[in-house]
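**Student:** The structure's right below; bear with me while I get my questions together.
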Amino acid sequence: MTQDNESVDYIEIGRKFFAGPCEFIWAANDINSLPKLGPPEIAFAGRSNVGKSSLLNALTNRHHLARVSNTPGRTQQLNFFALGAPPPDEPLRLVDLPGYGYAAVSKGKIDTWTKLIHAYLRGRPTLARVYVLIDGRHGLKESDTEMFDLLDRSAMSYQVILTKRDCVKVADQAARVRATEEGLAKRAAAYPEVLFTSSESGEGIEDLRAAIVRLMAERGQ
């Protein structure tokens, strides 16, 4: 995936790459059950019911790669997906993290998820970037800034993706992006560009694919 030419069409490269094989390979309920280190990993974090599973399905052109539910807290473990080839030859793994913030489960379960997420983000050397999903209808919440604080302390590169673009008036979208960028302006680990996506309409999905393949190219992979 390595590219040296700045004029490379990452949109097209991303389209082809994400059209390739993608399969679920592992679920981890605690830090001791994580898969062995392998290829680079891209993780997706966000408040419960922000649309992580829907985004993963749209990103990979699949309907049922990740389970979609209207019930917050459906993702209850770290789910790993091999992208591009079956293991052990996959060039990239996608990781769906349990949602933070509100979830329709017990406080004890939420505490367990939180500890697992924190341990993974702090101690996974193959983790290349975390994409933090924010509901584009509502903007940043306190639980989102708490996640940013954790990522900043961990010196983990992260980028914000606004979701549900199709539910935000076109006239309001630019202002929503600007407000989010302002909230990230002084955060050292945050990538400055904010993406605005819709899993329903497909808006912004090709930009996200391009961002991921560009990141891998910059890492020499």
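The values are calculated or read from the model by the stated rules, or taken from the named source; none is laboratory data. Only a predicted model underlies this, so the values are computations on that prediction, with no experimental measurement involved. We place every Cβ from the backbone using ideal geometry, glycine too, and count neighbours over all the protein chains shown. Side chains included, ligands, DNA and RNA excluded: accessible areas come from the protein's heavy atoms. Shrake-Rupley method; radii C 1.70, N 1.55, O 1.52, S 1.80 Å.
**Student:** Amide H of Leu162: which non-local residues (sequence gap of 5 or more, or other chain) have their own amide H closer than 5 Å, using H built in the peptide plane?
**Tutor:** Ile134, Leu195, Phe196, Thr197
**Student:** Given the pairs Lys36/Lys186; Lys36/Lys115; Lys52/Lys186; Lys141/Lys169; Lys16/Lys186; Lys52/Lys115, which span a C-alpha to C-alpha distance of over 31 angstrom in this model?
**Tutor:** Lys36/Lys186; Lys16/Lys186
**Student:** Which one, Ser201, Ala211, Ala189, is farthest towards the positive end of the dipole of segment 182-221 when Lys and Arg carry +1 and Asp and Glu -1 on their Cβ?
**Tutor:** Ala189
**Student:** If contacts are Cα pairs under 8 angstrom and at least 6 residues apart, what is the relative contact order of the chain in percent?
**Tutor:** 26 percent
**Student:** Next question, about the same structure. Out of every Cα-Cα pair in segment 140-221, what percent are more than 15 Å apart?
**Tutor:** Result for the distance tail: 62 percent.
**Student:** To one decimal place, what Kirkwood hydrodynamic radius in Å is obtained for the chain from all pairs of distinct Cα atoms?
**Tutor:** 17.5 Å
**Student:** Quickly estimate the mean residue ellipticity at 222 nm for the chain, helices only: each DSSP H run with n ≥ 4 gives -39500 (n - 2.57), and the total goes over all residues, rounded to 500.
**Tutor:** -10500 deg cm²/dmol
**Student:** Could you sort Arg153, Arg209, Arg15, Arg47 by their accessible area in this structure, using a 1.4 Å probe and putting the largest first?
**Tutor:** Descending accessible area places them as Arg153, Arg15, Arg47, Arg209.
**Student:** Right, here's the next one. For segment 118-217, calculate the relative contact order in percent as a whole number, restricting contacts to Cα pairs under 8 Å that are 6 or more residues apart.
**Tutor:** Computed value for segment 118-217: 27 percent relative contact order.
**Student:** When only the heavy atoms of the protein chains count and the probe is 1.4 Å, how do Glu146, Glu182, Glu203 rank by accessible area, highest first?
**Tutor:** From most exposed to least exposed: Glu182, Glu146, Glu203.
**Student:** Could you tell me the extents of segment 118-160's C-alpha atoms along the three principal axes, largest first, rounded to whole Å?
**Tutor:** 33, 16, 13
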